[in-house]
Amino acid sequence: MLASVTPSDRSDGESSDDDDGGGDEGDGEAEPRPARHPMDVASIITQVSIDDERGGGAAAASRGKGSFSKAVVKKNRNKKSLFGSFFSCFRKYDGEPAVPKSIAIEAPKKVEENGALLKPVERPLLPELRPLDEGKKCMVIDLDETLVHSSFKPIENADFIIPVEIEGTTHQVYVMKRPFVDEFLQRMGELFECVLFTASLAKYADPVADLLDRWGVFRVRLFRESCVFHHGSYVKDLSRLGRDLSQTIIIDNSPASYIFHPENAVPVGSWFDDMSDMELLDLIPLFEELGKTEDIFTILQRHRQR
Ligand SMILES: [Mg+2]
């Protein structure tokens, strides 16, 4: 039963993907795997990667058909590097289409993989609101492909190089900042109570946030273990935050991340390396409007339908 192992079941958020060995590069998003149940490989369709986003490659074509042979899956897994286990950018989907920007989607019932209803949250993910943030809405901000793009392959003009230890070996992670991320973060920090919420592991994402957030914009950082594993994706369940959902907004490049709360979302295109990208800058006026409004849903719906 897939739900027998969820991200939150492991305190460190590590993958249980150990039977591939550390050398099996390309497992993409670390897939919580049943402890004593063979993995249903056929349920793994593909990963979100730059190829998929650009509509290229056999993987994208196969994804549309919802069928992947084991051979194809294995081949693709081998292409990717270990960092897929640590970053959230290679997210596996179960063949469900992404949430279109213009269509309101009814959120699915929150059911774990074994069909059981999720247990009520005993303690919210967020601490009590700081006095400084009284009256501010909560802004949940994704990391990979929303604010930065990271790679284990050396990048000449990387903004940060972060050492990450994996199974006793230190690997260098090369991180590039999305254009205007500094301006975006600073403004978000003025307008909202900002929370970094990433499906990546803390051992990678925490040092990235240390370097990225020079202003202390992020009041809290949430990592993979705070996500809900649902239908092959790590979902950021906003109802677990402990904030008023009518005052909570999420910006994320992966629609699967906010599948429980699509009405709270500001979709953003996945960013990999386009230095002419303006999306973060262009979104600032929308967030300024959201910061002032009593009714975020009307504004967010209008934005998604553009
Ligand atoms: Mg992302």
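Just so you know, all these numbers are worked out from the coordinates, no wet-lab data involved. Nothing here was measured: the structure is a model prediction, and the numbers come from that model. Cβ coordinates were reconstructed from backbone atoms using ideal geometry, including for glycine residues, and neighbour counts include every protein chain displayed.
Annotation: the residues His149, His231, sorted from fewest to most other C-beta atoms within 10 Å of their own C-beta, follow the order His231, His149. Annotation: amide H-H contacts under 5 Å for Val235 (H modelled 1.01 Å from N, sequence separation of 5 or more, or interchain): Val228, Phe229, His230.
The fewest-to-most ranking of Lys153, Lys177, Lys203, Lys236 by surrounding Cβ atoms within 10 Å reads Lys153, Lys203, Lys177, Lys236. Here the simple spin-label model places points 7 Å from the Cα toward Cβ, and for Asp159 and Glu122 these points are separated by 3.9 nm. Where in the stretch 169-204 does the label zone of Asp244 land, with the point 7 angstrom along Cα→C-beta and an amide N cut-off under 15 Å? It comes to 192-193, nothing else. Pairs with C-alpha atoms separated by more than 26 Å, drawn from the list Lys153/Lys203; Lys203/Lys292; Lys153/Lys236; Lys177/Lys292, are Lys203/Lys292; Lys153/Lys236; Lys177/Lys292.
Would you work out if the stretch 177-306 is rounded, prolate or oblate? Take a ≥ b ≥ c from the square roots of the eigenvalues of the alpha-carbon gyration tensor; rounded if a/c is under 1.5, else prolate when a/b is larger than b/c, oblate otherwise. Rounded is the answer for the stretch 177-306, as its axis ratio a/c remains below 1.5.
Sorted fewest first by neighbouring Cβ atoms within 10 angstrom, Thr170, Thr248 come out as Thr170, Thr248. With Cα atoms defining each centre, the stretch 159-230 and the stretch 123-146 are spaced 14 Å apart in the structure.
Does the stretch 191-244 come out rounded, prolate or oblate by the C-alpha gyration tensor, with a ≥ b ≥ c the root eigenvalues, rounded set by a/c under 1.5 and, if not, prolate when a/b is larger than b/c and oblate if not? It is oblate, given that a/c is not under 1.5 and a/b is not larger than b/c.
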